[in-house]
Amino acid sequence: MAADARPAQPKAILRGHKAQVHAAVFVRGNDRLLTGDADGFVVAWDLTTMRPRAVWQAHGNAILGIAAWDHYRIITHGRDNKLIVWKLAPEDEARLSTKLPLDPSSETRPQPWMLYMLEVNTMNFCSFSHCPACPESSPASSEILVAVPNTLASEAIDIFHLPTQTRQHTVKLGEKNGMVMALSLFHQAGTLTLVAGYENGVATVAQLGSHGVWVIKYQAKCHSQPILSLDVSPPKNFFLTSSADAVISKHPLPLVSPPSRSSQISQSPTSPSIYNPSPPEADPQKSLLTAALSRVTTSPSSPPVPLTPNSAETIQHQPLKTVNTKHAGQQSLRIRFDGRIFATAGWDSKVRVYSAKTLNEVAVLKWHIAGCYAAAFAAVDVDSESESTPQQEQQQQQEENEQEEKSRVEAEKGGAQDGGDEEARKDVTVVPKLVEMSVREKRIRQARTTHWLAAGSKDGKVSLWDVF
């Protein structure tokens with residue numbers, strides 16, 4: 001960020017998408033930035049050269065979300081009702097096209113190897129969320145759980161297991177919240193936790209309790225418009241939501257506790273877990289599409305067992321903080337890896353950076369001329385960053401030069417006093433550095449240690465910023 005009064009400028013502009021950019025994510029230790037557009041194209045950008053290394057059409061419609069499963073598997077979610085897992089290892093890039101979507105091409109661009117594909121619901125414009133299948137597993141686990149909106153009932157959420165591609169849970173957390181708009185699935189203190197944002201502005205936290213039943217722990221309505229995005233803090237002690245209105249809210253993540261019988265959500269032992277406490281009622285504020293979908297039975301073979309939903313004493317309703325930013329339409333809210341700041345992509349073409357502690361606006365990044373739809377932070381390795389930042393490297397190099405000069409002067413004095421003894425001169429000769437970083441190594445180090453913030457826009461361009 002610029003330290004003076006001049007507006008901050010992006011470090012780089014990535015041009016190549018023909019349609020608006022809807023998704024962005026940093027992968028492989030920030031060696032690559034993946035971006036997806038409204039035509040279904042995915043571009044893998046090499047951040048050492050700022051050039052494309054792989055381009056393919058992953059979906060027949062707009063990309064809703066992109067994420068890395070591990071070092072070589074990529075998950076994409078498109079509006080063609082498909083969620084696909086691709087094999088995209090560094091050695092796979094050589095056979096893929098580098099011709100950008102903006103460049104005319106009569107040839108079909110080859111695709112990476114397709115590992116798995118799920119037929120999912122994309123009517124909600126809600127992207128997926130995933131986490132390791134087991135709490136003890138690393139983020140690069142061989143088994144994951146994927147949460148997506150239910151195919152039949154847009155208020156419900158399906159949780160699939162990969163690689164088996166089986167549905168393990170169907171969770172319905174109410175009847176009058178409208179469609180699911182944003183999701184986050186993760187483990188908190190060993191307990192599978194689901195955070196959902198809805199069409200009516202309600203944010204809900206549910207946890208998987210004993211006997212495979214889901215328990216609502218938190219529910220609050222802080223927004224008057226549909227929730228556009230949410231993100232969970234790295235320590236998993238709070239989450240943030242943004243909406244089509246100008247409000248940003250900070251919500252608590254309740255501590256894990258054993259569920260009581262009165263707070264259980266029903267589940268049939270032979271079917272996925274479903275919460276459906278009562279038949280849907282007519283709601284004049286509900287859209288015709290949502291009302292029609294809510295009448296569809298989510299489990300025709302085994303109706304849910306009616307149980308008393310959570311009592312008011314067991315559900316938290318108070319958010320930690322709510323701020324009216326006076327800027328409507330902020331989406332793709334992302335919290336940085338250190339939990340200190342978060343960013344939003346605005347319909348007014350601006351990217352705004354806020355303090356995660358106070359929700360105060362700390363920076364406004366303006367470059368695009370059209371609305372921004374995607375934002376992503378790079379996850380910098382704290383250990384490698386602490387070893388040497390660019391400023392530290394410069395200071396270290398200066399100290400080494402001063403030490404070398406001092407040693408050379410002392411060696412010359414010693415040689416004169418000893419009558420020019422060559423052996424003494426050899427003893428104090430400064431040994432040069434044995435390993436010098438090549439230009440490419442320096443670029444790779446810079447790409448991996450820079451605090452990148454990427455913003456994708458309706459104009460098809462991606463701006464890269466170095467923030468704080």
Could you say whether any residue in the stretch 160-171 is under 19 Å from LEU228 (Cβ atoms), out of contact with any Gly (no Cβ under 9 Å at 6 or more places or on another chain), in contact (Cβ under 8 Å) with a residue 40 or more places away in the chain and aliphatic (A, V, I, L, M)? no
Take the stretch 313-330 and flag every residue that is open to solvent by 40 Å² or more (accessible area, probe 1.4 Å) and either assigned to a loop (DSSP other than H, G, I, E, B) or out of contact with any Lys or Arg (no Cβ under 9 Å at 6 or more places or on another chain) (or both). GLU313, THR314, HIS317, GLN318, LEU320, ASN324, LYS326, HIS327, ALA328
Inside the stretch 150-160, can you point out the residues that are within 16 Å of ALA67 (Cβ to Cβ) and either out of contact with any Lys or Arg (no Cβ under 9 Å at 6 or more places or on another chain) or not aromatic (Phe, Trp, Tyr) (or both)? ILE159
Being more than 23 Å from the chain's Cα centre (by Cα), buried (at least 21 other Cβ atoms within 10 Å of the Cβ) and more than 22 Å from LEU320 (Cα to Cα), is that true of even one residue in the stretch 198-206? no
Where in the stretch 121-184 are there strands (runs of 3 or more DSSP E), lying wholly inside it, with at least 2 residues that are more than 27 Å from VAL27 (Cα to Cα)? 166-172
Do we find a residue being in a loop (DSSP other than H, G, I, E, B), among the charged types (D, E, K, R) and within 21 Å of the chain's Cα centre (by Cα) anywhere in the stretch 43-52? no
Which residues, taken from the stretch 447-468, are part of a helix (DSSP H, G or I) and either exposed (fewer than 15 other Cβ atoms within 10 Å of the Cβ) or charged (D, E, K, R) (or both)? ARG448
Filter pass, TYR275 being modelled with pLDDT under 80, surrounded by 22 or more Cβ atoms within 10 Å (Cβ to Cβ) and among the aromatic types (Phe, Trp, Tyr): yes
Say we look at the stretch 349-366 and pick out the residues that are charged (D, E, K, R) and in contact with a Lys or Arg (Cβ under 9 Å, 6 or more places away or on another chain); which of these is most open to solvent (accessible area, probe 1.4 Å)? LYS357
Criterion violated by PRO163 - all others in (1) open to solvent by 10 Å² or more (accessible area, probe 1.4 Å); (2) within 19 Å of the chain's Cα centre (by Cα) satisfied: (2)
When you check VAL232 against the structure, is it open to solvent by 10 Å² or more (accessible area, probe 1.4 Å) and at pLDDT below 95, yes or no? no
Matching residues in the stretch 56-80 - criterion: being in contact with a His (Cβ under 9 Å, 6 or more places away or on another chain) and outside any strand (DSSP E or B): HIS59, ALA62, TRP69, ARG79, ASP80
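The values are calculated or read from the model by the stated rules, or taken from the named source; none is laboratory data. Everything numeric here is computed off the predicted structure, so don't read it as measured data. Heads up, the Cβs are rebuilt from the backbone with ideal geometry, glycines too, and the neighbour counts pull from every protein chain shown. These accessible areas exclude ligands, DNA and RNA; they are computed on the full protein's heavy atoms, side chains included. Shrake-Rupley method; radii C 1.70, N 1.55, O 1.52, S 1.80 Å.
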